[in-house]
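Participant: This is the structure, below, for whatever I ask next.
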Ligand SMILES: C[S@@+](CC[C@H](N)C(=O)[O-])C[C@H]1O[C@@H](n2cnc3c(N)ncnc32)[C@H](O)[C@@H]1O
């Protein structure tokens, strides 16, 4: 099976030789890859909705892997029992949705390595992780069809980053100091500039939000001005 660079990178962070779960599996590509490549003996593949889960079941049946890929319907981490798997992948959904999934079931989330790929709101997701006793252990950027994807690997633990803005933007991404990280920061700068423009045009006053965005922009500009930053 040919896996996209995004899914392949996530697969590389799954604890090998141990059972894993893929939350919001849809096409079941990741579970199939993990099992076919002997990275995991067993994978639990879940989805919130019947339709994507039946799509996943069809592909799993085609590969003859129903004995190794356990398909379960349900919201977030609810279909999992604590301790059932060692890694949980949550990819291709919004960061705030991922944050809710983790917050709702700490008895599962705190026992596993979390491999997360938010489609948006990664800033809020990292802040939630820090505020709820999760440590970011690795971060990576993947470029696919000219879109940048952020991959965040986390586990229960403590974050030592004092600066909220650095935490939200991805401390380990920034510290990589490579060309992809610079591209990521430029993309973030453009995004926050647009948000600022829209907020300042809005009828309603958003003073607090505007101040926050200005602080983020000042941080990004400072990091870019001193690029490449010294690796810590
Ligand atoms: C865009 S697909 C991503 C598929 C795959 N994970 C990937 O990254 O390529 C998002 C899937 O997540 C599912 N999903 C969204 N919220 C969910 C939740 N709270 N629990 C389980 N699945 C969810 C959707 O039904 C959909 O099938």
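Participant: At a 10 angstrom cut-off on C-beta neighbours, averaged per residue, how do the peptides 71-80, 37-46, 179-188 rank from highest to lowest? Present the calculation step by step, with values, prior to reporting the outcome.
Facilitator: Values: 71-80: 18.5, 37-46: 20.3, 179-188: 16.4.
Put in order of decreasing packing, that is 37-46, 71-80, 179-188.
Participant: Which length gain, in nm to one decimal place, applies between residue 16 and residue 221 when the Cα-Cα distance is subtracted from 0.36 nm times their residue separation? Could you put the intermediate results ahead of the total?
Facilitator: Numbers: separation 205, 0.36 × 205 = 73.80 nm, distance 3.93 nm.
Length gained, residue 16 through residue 221: 69.9 nm.
Participant: Further, regarding this structure: Which values of log₁₀ I(q)/I(0), to two decimal places, follow from the Debye formula for the range 5-159 at q = 0.14 Å⁻¹ with a uniform point scatterer at every Cα?
Facilitator: -0.62
Participant: Need one number: nm distance between label points at residue 50 and residue 145, each 7 Å from Cα along Cα→Cβ, rounded to one decimal.
Facilitator: Spacing of the two 7 Å Cα→Cβ label points: 2.9 nm.
Participant: Follow-up question, since we're still on this one. To the nearest 10 degrees, how steep is helix 50-62 against the longest Cα principal axis of the chain, on a 0 to 90 scale?
Facilitator: Here the helix axis deviates by roughly 50 degrees.
Participant: Give, in nm to one decimal, the length gained when the segment between residue 198 and residue 124 is fully stretched (0.36 nm per residue of separation minus the Cα-Cα distance). Could the numbers behind the result be given before it?
Facilitator: Details: separation 74, 0.36 × 74 = 26.64 nm, distance 1.95 nm.
Gain in length upon complete extension: 24.7 nm.
Participant: To the nearest 10 degrees, how steep is helix 95-104 against the longest Cα principal axis of the chain, on a 0 to 90 scale?
Facilitator: For 95-104 against the chain, the angle is about 60 degrees.
Participant: In the range 64-94, which residues have a backbone nitrogen under 18 Å from the label point lying 7 Å from residue 4's Cα in the Cα-to-Cβ direction?
Facilitator: Of the residues in the range 64-94, 89-94 have backbone N under 18 Å from the label point off residue 4.
Participant: Antiparallel as a % of all DSSP beta bridges within the chain, to the nearest 5? Can you show the working numbers first?
Facilitator: Details: 13 of 32 bridges.
Approximately 40 percent, going by the DSSP bridge assignments.
Participant: Assuming 1.306 mPa s and 10 °C, estimate D for the range 179-225 with Stokes-Einstein, Rh taken as the Kirkwood radius over Cα pairs, in µm²/s. Provide the component values of the computation, followed by the final result.
Facilitator: On the way: Rh = 11.2 Å.
In µm²/s, the coefficient rounds to 142.
Participant: Hey, another quick one. Between the range 24-58 and the range 170-232, what's the alpha-carbon centroid distance in Å?
Facilitator: 36 Å
Participant: Once the piece of chain linking residue 214 and residue 78 is laid out straight, how much longer is it, given 0.36 nm per residue of separation minus the C-alpha distance between them?
Facilitator: On the way: separation 136, 0.36 × 136 = 48.96 nm, distance 3.85 nm.
Extending this stretch completely gives an extra 45.1 nm.
Participant: Continuing with this model, one more query. Can you order the peptides 164-176, 214-226 by their average number of other Cβ atoms within 10 Å per residue, highest first?
Facilitator: Working: 164-176: 19.0, 214-226: 14.5.
Highest-to-lowest ranking by the protection proxy: 164-176, 214-226.
Read-outs throughout are calculated quantities, based only on the coordinates presented, and are distinct from any laboratory measurement. Note that this is a predicted model, so its numbers are computed, not measured. FYI the Cβ positions are ideal-geometry reconstructions off the backbone, even for glycines, and counts take in every protein chain you see.
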